[in-house]
């Protein structure tokens, strides 16, 4: 029997790229006319994996979030891992939005990925959950590439990266 080939499915965020994108967003907000004299703050807490936006009102909050999303996409950061909730009231009549950043594949999504691969009935393809990633193994590299293609076409709610292909 040939040795098994495998790859890992992960969902990671490069916090240096996030920081660079947020610096660009801050610069753009400082230059935009509609934000002149308005309160607009962007704070990243890498330890707690949260992004906090503060703005004067809901309209400015939506514009601020749109700027941040645009900069993240341009830097190659997947915005699927940013789960934006509704805004909350903050001090001084402002609104605050605390956005958790998903690092790694959540267990529900990992189970969904394993179930999806089993439902595809790919021959001898096995998927196993390992902490915050999923390892997919098979003796056939063609089957693994087919599994990758099918996973890319399906939406699991998080950005998937494929690595450790051997």
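Laboratory data are not the source of any read-out in this text; all were calculated from the coordinates shown. Values in this document were obtained by computation on a predicted structure and should not be read as measured data. Cβ coordinates were reconstructed from backbone atoms using ideal geometry, including for glycine residues, and neighbour counts include every protein chain displayed.
Key figures
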{"quantity": "Residue 12/residue 118 FRET efficiency (R0 22 Å; Cβ-Cβ; nearest 0.05)", "calculated": "0.35"}
{"quantity": "Helix-derived mean residue ellipticity, 222 nm - over the chain, DSSP H n ≥ 4, -39500 (n - 2.57), to 500", "calculated": "-12000 deg cm²/dmol"}
{"quantity": "Cα long-axis angle, helix 141-153 against the chain (0 to 90 degrees, to the nearest 10)", "calculated": "30 degrees"}
{"quantity": "Of (1) 69, 27, 25; (2) 43, 32, 31; (3) 36, 35, 30, the label for Cα extents along the principal axes in Å derived from the coordinates", "calculated": "(1)"}
{"quantity": "Cα→Cβ-extended label distance, 7 Å offset, between residue 59 and residue 153, nm", "calculated": "4.5 nm"}
{"quantity": "Separation in nanometres of the label points that stand 7 Å from Cα toward Cβ, at residue 38 and residue 23", "calculated": "2.5 nm"}
{"quantity": "Highest-first arrangement of 57-70, 40-53, where packing means the average Cβ count within 10 Å", "calculated": "57-70, 40-53"}
{"quantity": "In degrees, nearest ten, helix 107-119 long axis to first principal axis of the chain (Cα)", "calculated": "40 degrees"}
{"quantity": "Between helix 58-74 and the chain: long-axis angle, C-alpha atoms, 0 to 90°, nearest 10", "calculated": "40 degrees"}
{"quantity": "Choice from 114, 18, 54 showing the highest fluctuation, given a GNM over the chain with Cα pairs closer than 10 Å", "calculated": "114"}
{"quantity": "Enclosed volume per residue, in Å³, of the convex hull spanned by Cα atoms of region 15-100", "calculated": "85 Å³"}
{"quantity": "Calculated FRET efficiency for the pair residue 31/residue 135, C-beta based, R₀ 41 Å, to 0.05", "calculated": "0.35"}
